[in-house]
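Structure first, commentary second.
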Amino acid sequence: MNAQPLPEPQDRPARLTVGVVGAGRVGPALAASLRLAGHRPVAASGVSDASVRRAAALLPEVPIVPPSEVLARAELVLLTVPDDALPELIAGLTETGAVRPGQLLVHTSGRYGVSVLEPALRAGALPLALHPVMTFTGTPIDVQRLAGCSFGVTAPEELRLAAQALVIEMGGEPEWIAEESRPLYHAALAIGANHLTTLVAQSLELLRASGVEAPDRMLGPLLGAALDNALRSGDAALTGPVARGDAGTVAAHVAELRRHAPHAVAGYLAMARTTADRALAHGLLKPELAEDLLGVLSDVTDARGRGGSET
């Protein structure tokens, strides 16, 4: 995808003082990228030692102050706290009078749009939801990874140009998400990214248990090709014993997992059933083979109807 051109000067936000409420992995990286675009980080809040260290590494010389003080010093405030903490944070800042009219309040939650900022909007703030579609490490490499990163953006119509400008200045690509679509959008990303990490970590663990000395080197090319194929072709890229309908192989897999890694059985069965359903729906799995395969997947569940060891 080609990078979008920068908005015309009259459509760009002025150089702003920037504050971060919640110096986790995301906030300092976004503030650091805004600094590269000419904005000026002036304050951050953080409680844990790890958050203070992250802020020091990515935002040197930026003072750590309470959240209310961050809002007092900044024209643009990044609210980068966990999703479940966001509504209470916004309500608290608004009730204490910390929110100022004309202040840009930007949260980075994938789950929420701008409606969660309604209390601050009533106080005169300008609400934006800018969710970077990226996994963060809390290190300077995060700033580099923002180049070309998609942002799920929700904003009032009158603030769309400002939202677009901020995303582009951070090196990102804005993708407009309707307010009512935010939970579904976020669920899709969690399935793709968070669950992928779990699957890869589990695969590495099982390969080590089987005696493979360098499982990362073995998996790297395979998973890279599988991801590329899936992004290009979707379900047409499905391969392996489930897509082929090899019921005997799948039964052998489950038997080995029960013996050596019972904690992995439930996940294997859930993914195998989902893969079988998709392969069947797309004509990759023959119906006569699907019947045997689904019979195996049903037979290997325990008496409570779940995959796993009987403990």
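General remarks:
- Cα→Cβ-extended label distance, 7 Å offset, between residue 270 and residue 100, nm: 4.7 nm
- Rounded FRET efficiency, nearest 0.05, which uses the C-beta distance separating residue 256 from residue 141 and R0 of 35 Å: 0.40
- Using a Förster distance of 25 Å, the FRET efficiency for residue 118-residue 161 (Cβ separation, nearest 0.05): 0.70
- Each Lys and Arg Cβ is given +1 and each Asp and Glu Cβ -1; about its Cα centre, the chain then shows a dipole of about 580 debye.
- Electrostatic tally near residue 106: other residues with Cβ closer than 14 Å to its Cβ, Lys and Arg +1, Asp and Glu -1, net -1.
- Highest mean first, the peptides 122-133, 202-213 sorted by other C-beta atoms within 10 Å per residue fall in the order 122-133, 202-213.
- Taking the Cα centre of segment 10-168 as reference, the dipole from Cβ charges on Lys and Arg (+1) and Asp and Glu (-1) amounts to some 440 debye.
- Here the chain carries DSSP beta bridges of which approximately 15% are antiparallel, counting only pairs with both residues inside.
- Residues in segment 241-268 that a label on residue 198 would reach, taking backbone N under 11 Å of a point 7 Å out along Cα→Cβ: 266-268
- Net length available on complete extension from residue 149 to residue 69 is 25.8 nm, with 0.36 nm assigned per residue and the Cα-Cα distance removed.
- Think of the chain as having a plus end and a minus end, set by charges on the Cβ of Lys, Arg, Asp and Glu; of 245, 128, 211, 211 sits farthest toward the positive end of this dipole.
- Using a Gaussian network model of the chain in which every pair of alpha carbons under 10 angstrom is joined by a spring, one finds that among 160, 111, 232 the greatest mean-square fluctuation is at 232.
- Mean separation of Cα contacts under 8 Å (6+ apart) over length of segment 191-299, as relative contact order %: 26 percent
- When the Cα positions of 226, 272, 30 are compared along the charge dipole of the chain, 30 comes out farthest toward the positive end, with charges on each C-beta of Lys, Arg, Asp and Glu.
- Positive contributions from Lys and Arg (+1) and negative ones from Asp and Glu (-1), summed over other residues with Cβ under 10 Å from the Cβ of residue 74, come out at +1.
- Cα centre as origin, Lys/Arg/Asp/Glu Cβ charges: segment 82-129 dipole, Debye: 200 debye
- With R₀ set to 51 Å, the beta-carbon distance separating residue 237 from residue 14 gives a calculated FRET efficiency near 0.65.
- Whole-angstrom gap from segment 27-90 to segment 165-211, using each part's C-alpha centre: 23 Å
- The residue among 137, 56, 92 whose Cα reaches farthest toward the positive pole of the charge dipole of segment 9-179, with charges on the beta-carbon of Lys, Arg, Asp and Glu, is 56.
Throughout, read-outs are computed from the coordinates displayed, never taken from laboratory work. Since the structure is predicted, the reported quantities are computational estimates derived from the model, not experimental observations. So basically every Cβ, Gly included, is an ideal-geometry build from the backbone, and we count neighbours across all protein chains shown.
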